[in-house]
1. Quick one: 3J(HN,Hα) in Hz for the range 54-67, Karplus 6.51/-1.76/1.60 with θ = phi - 60°, rounded, Gly and Pro as x.
2. Using a 1.4 Å probe on the protein heavy atoms, what percent of the accessible area of the chain belongs to carbon and sulfur?
3. Using just the C-alpha positions of the range 58-214 as equal point scatterers, what log10 of I(q)/I(0) does the Debye formula give at each q in 0.15 1/Å?
4. Taking R0 as 25 Å, what FRET efficiency do you get between V188 and A78 from their Cβ-Cβ distance, rounded to the nearest 0.05?
5. Highest GNM mean-square fluctuation, the chain, Cα pairs closer than 10 Å: which of A150, A203, A252?
6. Given a cut-off of under 8 Å on Cα pairs at least six residues apart, what relative contact order in percent is computed for the chain?
7. Under the rule of at least 5 residues apart or a separate chain, name every residue whose amide H is placed under 5 Å from the amide H of E39.
8. When the Karplus curve 6.51 cos²θ - 1.76 cosθ + 1.60 is applied with θ = phi - 60°, which whole-Hz ³J(HN,Hα) does each residue of the range 168-180 get, with x for Gly and Pro?
Amino acid sequence: MEFAVVPTDAGVPGTLEELTIAVGGRRHSALAAGPGNGELVLFLHGWPEFADAWTEQLHALGEAGYRAVAVDQRGYAAGARPDGVEHYTLDQLVGDALAFAGSQGADRFHLVARDWGGMIAWALATAHPERLRSLTVLSTPHPAALRRAAATDDGQFHDLGYIRFFRRGVGKAEKYLLRDEAAQLRAVYSRRIPVEIVERSVARLSEPGALTATLNWYRGATDDDFDIPAGRIAVPTLYLWGREDPYLGQSAAELTVHHIDAEYRFQILEGASQWMAMEAPDEVIALLLDHIGRH
């Protein structure tokens, strides 16, 4: 896969670099911090957010000497928004992540991911463990653990109803989320997320075709049984789960340990939800620095 990096901002001290990463003819906007020769820490966002969800972590990891990069992924970046569900299969999204790392010249890298980014991370770690120095996943349990929890826990099955709506309500889901000046979309975000990030995200997702492209992750990369191709994990892993997560419950979080064959730490963040990177940035950063620093 061909890729290239085009710096669009040389960077000012205290600010993040703005990059464009070209992958297979698509152009992904990205944010970066830290020296170009530092160990790469690649951040993958979830739905409905962008690279700027990792702002605090990028600053901290960059200041610690790592090359920290967060990318607006396929469907999210305006220049990487192909039409059609067939362009959003999991193998393509995993391929994108590997290309993002390759664009930084990294044969091996640390991977940090949340929500749908977490699904990509579990699949990538399964298929390409030799590429990862460490794995950190926020909120998203191992897919097999989530599948088991959904099959045995009525509460967990019910809490994942929004995914079934996104998959089957093509067009209807978009209208529902964007009606009344995107009131339902705004309601998805935690009230503890900075208002400017919420408004910027809503504005970008309101662009023509943007919301459909991001929902195509649900429609093209999974099924109602959450059959994500993730198996045994042989990479040192940190898994963070927020006690107040309204969609991904404790049973799936606790079952994740059964799928890890490497060093593993499971940390519950009290008072945080799936948005913990923005709700509790200092706690997440401290855990990240410890985990990445040891690997």
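The values are calculated or read from the model by the stated rules, or taken from the named source; none is laboratory data. Predicted model only: the values in this text are computed from it and were never measured. Neighbour counts run over all protein chains shown; Cβ positions are idealised from the backbone, glycine included. For the accessible areas, the whole protein counts, side chains as well, though only heavy atoms, and no ligand, DNA or RNA atoms are used. Shrake-Rupley method; radii C 1.70, N 1.55, O 1.52, S 1.80 Å.
1. Calculated HN-Hα couplings, in order: 9, 3, 5, 5, 4, 4, 5, 5, x, 5, 7, x, 8, 8 Hz.
2. That fraction is 51 percent.
3. Here the Debye-derived log intensity ratios amount to -1.03.
4. 0.75
5. In this elastic network of the chain, the residue with the biggest mean-square fluctuation among A150, A203, A252 is A203.
6. Details: 580 pairs, mean separation 57.5, N = 295.
Answer for the chain is 20 percent.
7. R67
8. Going residue by residue, I get 9, x, 4, x, 5, 4, 4, 5, 4, 6, 9, 5, 6 Hz, with x marking Gly and Pro.
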